[in-house]
1. With axes computed from alpha carbons, what is the tilt in degrees of helix 31-65 against the longest principal axis of the chain, rounded to the nearest 10 within 0 to 90?
2. Mind checking the angle between helix 5-26 and the chain's longest principal axis? C-alpha axes, 0 to 90 degrees, to the nearest 10.
3. So if I place +1 on the C-beta of Lys and Arg and -1 on the C-beta of Asp and Glu, and nothing else carries charge, what would the dipole magnitude of the range 5-81 be about its Cα centre? I want it in debye, nearest 20.
4. Mark the label point 7 Å from the Cα of Gln17 along Cα→Cβ and return the residues of the range 27-67 whose backbone N is within less than 12 Å of it.
5. Mean residue ellipticity at 222 nm from the helices of the chain, using -39,500 (n - 2.57) per DSSP H segment of n ≥ 4 over the full residue count, to the nearest 500 deg cm²/dmol?
Amino acid sequence: MHCDSQLKNRVKRTHGQIQGILHMMENDASCEALLTQLKAVRSSIEKAIGLLTTHNLVQTIESQHNIKIEDIDDAIALIVKGM
């Protein structure tokens, strides 16, 4: 599967967030601050899953039917936002 830059960037941001959480833990951050950051990571991962799933669906349809689906980014964003 070809992963687009939007998905790669989201995973890279999530990776940075997790590194930040580890740094916060090493510096004895409050439970509330850690929970806030962990929830942000969870949300980011859920959106990445949505992007991966919808892009895979589009790529599968395109390859099996030898067509090119255009102007679908807004629809994918709406689906991912609803997750």
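1. Once rounded, the angle reads 10 degrees.
2. Tilt of helix 5-26: around 10 degrees.
3. On the way: 9 positive and 9 negative charges, 21 e Å.
Charge dipole, the range 5-81, about its Cα centre: 100 debye, nearest 20.
4. Answer for this model: 35-49.
5. Numbers: 3 runs with 66 residues, N = 83.
After summing the helix terms and dividing by the residues of the chain, the value is -27500 deg cm²/dmol.
Read-outs: derived from the displayed coordinates by stated rules, not from any lab. Since this is a predicted model, take the numbers as computed values, not measurements. Counting neighbours? That spans all protein chains shown, and the Cβs are built from the backbone with ideal geometry, glycine included.
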